[in-house]
Amino acid sequence: QNEEKWDFVLVSDIHEMGSEKEIKRKKFLDELSKKGFTIKKIEDTKLFYGVRAPQHIFWKYQCLLANPDNRQQNSSAYQDVPVTTRIRVVHFILQNTVTSDLEKLHVLIKKKVFEAAFPLHKKEEIREILKKKWARWRVLFKEQPIEEIRCYFGENVALYFAWLGWYTYLLIFAAVAGLATVAAGATVFSSSQVSKEICDANSTIMCPLCDQNCSFWVLSDTCTYAKVTHMIDNEATVVFAMFMAIWATVFLELWKRERATVATSWDLYGWDEEEEELALQLINDSQHQPQLYQHSYFRSTIVLILALLMIMVLIGIAHALVIYRAVATALFTQSQVSLLSKHADIIAMMTGAVLHYLTIIIMTKVRSHTAPWALLPFLEKPRTFTQRENNFTVKIFLFQFFTNFSSLIYIAFFLGRINGHPGHYVRIAGHWRLEECHPSGCITDLFIQMAVIMVLKQTISNIMEYLIPLISHQLRKKQKPPRKRSLMLGEEEEAEDPCKRQWLNNYELNEVNVFSLFNEYLEIVIQYSFTTIFVAAFPLAPLLALINNVIEIHMDAIKMMRLRRRMVPRKAKDIGIWLQVLEAIGTLAVIGNGLVIAITSDFIPVQVYKYMYSPCTRDNHTGMDCSTGYINNSLSVFHIQDFEPHTKVLPEFKGKQIKEYRDYRHADDYTYTVQFWHIFAARLAFLILFEHVALCVKLIAAWYIPDVPQKVKNKILKEKHINLCNEL
């Protein structure tokens, strides 16, 4: 039975005898034979080569790395090397075996000499446990079997699921806080003075929202939106934003503790990736010389310029979305359909959000199929695979971050602030007016945009992520040739090789590559950005993320166990560069939420009014709400005769001379009032105060929670002491 244990399977098309591809394939297999590999060939519609490494390779590995799995060199040593280690070593040797033509396996796969190379999903006890306890929908709320995942997929995959599980668990607290914020907005703050004034303002006539076909309108028309806005734009939001800044820090600090515990229990504290790679190089080729570290300022500058160009392109796409919204608003208002013309601004905003989602999908596809990423490793010349992966991660994360957030940044901080004022609007190509914020406040626009993108990402994207591998697996299974051809000829059917069925089943599964896990990380880290950076505008983000992650864990498990070929296990003692990315997002979250409250929301203007301009400042009105009169105070007067010539004013308003708009400007020359500058100063002061307090609290939380638990430190200390005593 030992004979039937194969480490890897190579798949090739059946080439003509003597053809170039057939000769190259033979050369590669001969190199493996020279290294002592056992090779078994099975012919079907493709050629399958089972590969098994000789035992001495693993003895060398154990000796060089003083592996804790080390045993006496006996015939049962096969059992002593964990299957994950075995696959990892064989994969390394296969990838680094060079033919006499100086070609490696990845070059031969590009030249179609081989089609694929993969380790096998085998019928073993641990696989059945994982299928039963993990890779099925029934166990949605059960704890993950991390130890079993590690034994089957290696430490790298196990750490991803441990991290994802930990993040999902801590999201419960953020989701509850978000729900409480919305509930407080809907109950405590629902009877707010500000929204009451908007609902009662049926005699306040506002300037038209577009140039053609737009009538003047009454402020009380936006009553419903004002109430919705106040659900998310109130004092509770400030507390929630501060809570989320602390939550992001506590999450990372607690994860560091969890990781330290896991790494110790897996005996990975002393493990060094560089040493392992050098050992594998020497096992593969005893004459191997290590590749030295390299750094070039010239190459780094080129990479930096390329990265900046990429960001400029993405900002350009965000500009295109801005133009779309401005043009769409103008076109919808001129539409004959009353629904379109009546709600032009909302429809333009919603379709803009859907369009933004589509650009995210398209740019993600472009990112995964473009050549520039392939050039970067040649420019940077990373020494190890991890180095290359880290460099790649930072650039791709930046790409995805700007794809996802450039439009949101515009809506949060620029929308309604750069569009001028009645009689002097900023226009695109001198024709289309830049859109304004929703009359009930700018935060509503950000809320709608985030809600649309998050809901679409978590429904459509997840369904596609699951269905595409499922359908492609079913299609691959259907491509089988008709079997039992020999029976048709009336001959005896020869006994089928037991390996054949297993190898074919594995071949029919979807391909995996070194970045399969990277894509899973990227998806969750972008989601983490949505959950933290603009969470003040969308307090339900953590709840949506929580629901998504509970499904995501088991969807990833099902994909890995049932729909994809087995991943090559990799050793790791942490989640790598992703930790630094998460810490950077944590800092951005403090800045982002501070800016949303200071700039996007009406929190600061209301506070300035309460303490400087309200009736409370003049008399002792104890029983009065100090925000009384805020709405009237926040409106400026505009004379109709000052409209630009091509603005079409409907005839019924020709006689009336004065109308209003949201801003702080003088009625005669439309320059800013003193109150505008008071609010501006207050926004700046709040931003500085909020960010410094939040960052100080983050630093205190990071100091207060040790990265490594005492128990783990003491365990390592005792082990060092015992080892030194033994040496002595």
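The values are calculated or read from the model by the stated rules, or taken from the named source; none is laboratory data. It should be emphasised that the depicted structure is a prediction, and the values quoted were computed from it without experimental measurement. Please note: Cβ atoms are built from the backbone with ideal geometry, for glycine as well, and neighbour counts cover all protein chains shown. For the accessible areas, the whole protein counts, side chains as well, though only heavy atoms, and no ligand, DNA or RNA atoms are used. Shrake-Rupley method; radii C 1.70, N 1.55, O 1.52, S 1.80 Å.
Determine which member of the set T224, T237, T261, T229 is free of Cβ contacts under 8 Å to residues at least 12 places away in the same chain and part of a helix (DSSP H, G or I).
Working: T237 fails: free of Cβ contacts under 8 Å to residues at least 12 places away in the same chain; T261 fails: free of Cβ contacts under 8 Å to residues at least 12 places away in the same chain; T229 fails: free of Cβ contacts under 8 Å to residues at least 12 places away in the same chain.
Among T224, T237, T261, T229, only T224 is free of Cβ contacts under 8 Å to residues at least 12 places away in the same chain and part of a helix (DSSP H, G or I).
Is there a residue in region 591-608 that is open to solvent by 30 Å² or more (accessible area, probe 1.4 Å), over 25 Å from H230 (Cβ atoms) and of a type in the set (D, E)?
no
Looking at region 189-196, is at least one residue free of Cβ contacts under 8 Å to residues at least 12 places away in the same chain and either more than 18 Å from I448 (Cβ to Cβ) or aromatic (F, W, Y) (or both)? First the steps, then the outcome.
From region 189-196, those free of Cβ contacts under 8 Å to residues at least 12 places away in the same chain are 191, 196; that's our starting set.
Okay, now just the ones that are also either more than 18 Å from I448 (Cβ to Cβ) or aromatic (F, W, Y) (or both), so 191, 196.
Looking for residues that are free of Cβ contacts under 8 Å to residues at least 12 places away in the same chain and either more than 18 Å from I448 (Cβ to Cβ) or aromatic (F, W, Y) (or both), one finds at least one in region 189-196, hence yes.
Considering only region 704-715, state which residues are under 12 Å from V250 (Cβ atoms) and either polar (S, T, N, Q) or open to solvent by 70 Å² or more (accessible area, probe 1.4 Å) (or both).
Initial filter on region 704-715 (under 12 Å from V250 (Cβ atoms)): 704-705.
Hit for region 704-715 is Y704, nothing else.
Touching a helix residue (DSSP H, G or I) at 6+ places or on another chain (Cβ under 9 Å), surrounded by fewer than 18 Cβ atoms within 10 Å (Cβ to Cβ) and of a type outside the set (F, W, Y): does that describe T261?
On the way: touching a helix residue (DSSP H, G or I) at 6+ places or on another chain (Cβ under 9 Å): yes; surrounded by fewer than 18 Cβ atoms within 10 Å (Cβ to Cβ): yes; of a type outside the set (F, W, Y): yes.
When the stated conditions are applied, T261 passes them.
Out of the residues in region 206-219 that are out of contact with any helix residue (DSSP H, G or I) (no Cβ under 6 Å at 6 or more places or on another chain) and either charged (D, E, K, R) or over 18 Å from S634 (Cβ atoms) (or both), state the one that is surrounded by the fewest Cβ atoms within 10 Å (Cβ to Cβ).
The selected residue is Q212.
Just checking, which of D625, D556 is of a type in the set (D, E) and not in a helix (DSSP H, G or I)?
Numbers: D556 fails: not in a helix (DSSP H, G or I).
One residue alone meets the criteria, D625.
Given the conditions (1) open to solvent by 20 Å² or more (accessible area, probe 1.4 Å); (2) under 15 Å from N548 (Cα atoms); (3) in contact (Cβ under 8 Å) with a residue 24 or more places away in the chain, report the number of the one that I146 does not fulfil.
Going through (1) open to solvent by 20 Å² or more (accessible area, probe 1.4 Å); (2) under 15 Å from N548 (Cα atoms); (3) in contact (Cβ under 8 Å) with a residue 24 or more places away in the chain one by one, I146 breaks only (2).
List the number of the failed condition for V303; all other conditions in (1) exposed (fewer than 14 other Cβ atoms within 10 Å of the Cβ); (2) touching a residue at least 60 places away in the same chain (Cβ under 8 Å); (3) under 30 Å from K571 (Cβ atoms); (4) within 31 Å of the chain's Cα centre (by Cα) hold.
(1)
Taking region 658-678 only, how many residues are closer than 12 Å to S634 by Cα, outside any loop (DSSP other than H, G, I, E, B), touching a strand residue (DSSP E or B) at 6+ places or on another chain (Cβ under 8 Å) and of a type outside the set (S, T, Y)?
Result for region 658-678: 4.
Among the residues of region 207-220, are any part of a helix (DSSP H, G or I) and farther than 30 Å from K573 by Cβ? Reasoning before the result, please.
Within region 207-220, the subset part of a helix (DSSP H, G or I) is 219-220.
Checking the rest, the ones that are also farther than 30 Å from K573 by Cβ come to 219-220.
For region 207-220, residues part of a helix (DSSP H, G or I) and farther than 30 Å from K573 by Cβ: present.
Scan region 220-234 for residues that are farther than 16 Å from S601 by Cβ and either touching a Pro at 6+ places or on another chain (Cβ under 7 Å) or open to solvent by 40 Å² or more (accessible area, probe 1.4 Å) (or both) and report the count.
Residues of region 220-234 that are farther than 16 Å from S601 by Cβ, as a first pass: 220-224.
Next, only the ones that are either touching a Pro at 6+ places or on another chain (Cβ under 7 Å) or open to solvent by 40 Å² or more (accessible area, probe 1.4 Å) (or both) stay: 221-222, 224.
Adding up the residues that qualify gives 3.
Could you check K659 against (1) modelled with pLDDT of 85 or more; (2) open to solvent by less than 40 Å² (accessible area, probe 1.4 Å) and say which number it fails?
(1)
Return the residues of region 176-195 that are open to solvent by 60 Å² or more (accessible area, probe 1.4 Å) and at pLDDT 85 or above; say none if nothing qualifies.
The answer is V176, L179.
Out of all the residues in region 311-318, is one or more surrounded by 12 or more Cβ atoms within 10 Å (Cβ to Cβ) and more than 33 Å from the chain's Cα centre (by Cα)? Talk me through it step by step, then tell me what you get.
Pass one, region 311-318, residues surrounded by 12 or more Cβ atoms within 10 Å (Cβ to Cβ): 311, 313-315, 317-318.
From the residues that got through so far, the ones that are more than 33 Å from the chain's Cα centre (by Cα) too are none.
The answer is no, given that none of the residues of region 311-318 is surrounded by 12 or more Cβ atoms within 10 Å (Cβ to Cβ) and more than 33 Å from the chain's Cα centre (by Cα).
Within region 20-42, can one find any residue that is open to solvent by less than 40 Å² (accessible area, probe 1.4 Å), assigned to a loop (DSSP other than H, G, I, E, B) and acidic (D, E)?
Checked region 20-42: no residue is open to solvent by less than 40 Å² (accessible area, probe 1.4 Å), assigned to a loop (DSSP other than H, G, I, E, B) and acidic (D, E).
Since S486 meets every condition but one in (1) small (G, A, S); (2) surrounded by fewer than 17 Cβ atoms within 10 Å (Cβ to Cβ); (3) modelled with pLDDT of 85 or more, which condition does it not meet?
(3)
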